Structures are given as C-alpha cells and as structure tokens.
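Worksheet: the structure to be examined is printed underneath.
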Amino acid sequence: MSEPTDVGCGVRRIVHRVAAGDIERGGAASSEVTAELRALGVPAAAARRAGIVAFEGEMNLIVYSTDGGTITVEVTPDAIDLTFEDDGPGIEDVELAMTPGYSTAPEWATDLGFGAGMGLINMRKNSDRFEIDSRPGEGTIVRCRIFRGRS
C-alpha cells in the first residue's frame, strides 16, 4: 500500500499492489481503500460503493491474474476513480464474462467459495462509469468511476 499522495489539482492518489493467489490477504487492500477514502473526507455512501468495487477488483486480481496487479485510486473533489490492472491472462470474451454466474475461476478458488461469476457485475453495479479493456495473453484494465455526491 502507498500513502495517499497529492498529484495536483486537488487529486489524491493511492496505489495498492495485490499478489496473485494471495487469498489470505484477500480483502485487505479494499478495506484499506475504504478507510483511506473516509480519512480523506469522502462521504460514507461513496466510500462504501468504492469499497465494494475495490473488493471485487482485488479478488479478481488474486484469483485470475498471473502475476498480481495494482489497484490505483484517484480521489478528486467530484469523484473516485479506481483502476485495476494486471498483465494476464486477459479475458477471452468480455460480454460472456459480464453474464451473471459465468466464471472461469480455478478449482482452488471455487473450493474456497470464490468465483461465483458476480465480481465484474458487482463492480459495474456500484460504479457510475465502468469499462474493461482486456486483451487475451496481455492483461486486463478495469476502470470504474464513482461520483462522490451519489449514493
């Protein structure tokens, strides 16, 4: 985790590194994101939504990425931008991945109760803006925006 840094124009940036397969720490980064947002004065409803998005994205990095990835949170006076980035394996069919219940989770994750096929859907549901850029074999970037004034 990095401490929030001021990147100018009222924007604060927080970066978390998430390790692939580190299920024991699953949820730690998203809990820290929520606490950091509250400490920065983000309204509770927006911080809660960001926490949900961060948790689902964090678990996707843990379960699906090859080498882990990063969660970058940028807090502006109007919004919270969350970016989740990894280097592979990418999503073969994004539309199919957005189907409730569809999952390609490995057996170890489903044995632990993860991989129900709702992560991306919950991220989209709790975001005001949501986009995925994924290239098989290259990685995935998920960008989410939450407006601070909406609940």
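The values are calculated or read from the model by the stated rules, or taken from the named source; none is laboratory data. Because the structure is predicted, anything quoted here is derived from the model rather than measured. Here Cβ is always computed from backbone atoms with ideal geometry, including for glycine, and neighbour counts include all displayed protein chains. Surface accessibility is based on the protein's heavy atoms, side chains included, excluding ligands, DNA and RNA. Shrake-Rupley method; radii C 1.70, N 1.55, O 1.52, S 1.80 Å.
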Legend entry - ³J(HN,Hα) computed for each position of the range 18-32 - Karplus, 6.51 cos²θ - 1.76 cosθ + 1.60, integer Hz, glycine/proline x: 10, 8, 4, x, 7, 4, 4, 9, x, x, 5, 5, 5, 5, 5
Legend entry - Distance between the range 36-51 and the range 115-151 - C-alpha centres, whole angstrom: 17 Å
Inset, instruction - Please report the relative contact order for the range 29-106, taking Cα pairs under 8 Å with a sequence separation of at least 6, and give it as a percent rounded to a whole number. - result: 24 percent
Legend entry - Local electrostatic count at Asp67 - Lys and Arg +1, Asp and Glu -1, tallied over other residues with Cβ under 10 Å: -2
Legend entry - GNM result for the chain, Cα springs below 10 Å: residue of Val15, Val94, Val42 fluctuating most strongly: Val94
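Return one whole number: the accessible area per residue of the range 5-147 in Å², for a 1.4 Å probe.
Accessible area per residue: 49 Å².
Using a 1.4 Å probe over the heavy atoms of the protein chains, calculate the carbon and sulfur portion of the accessible area of the chain as a whole percent.
Numbers: 3740 of 7690 Å².
Carbon and sulfur: 49 percent of the exposed surface of the chain.
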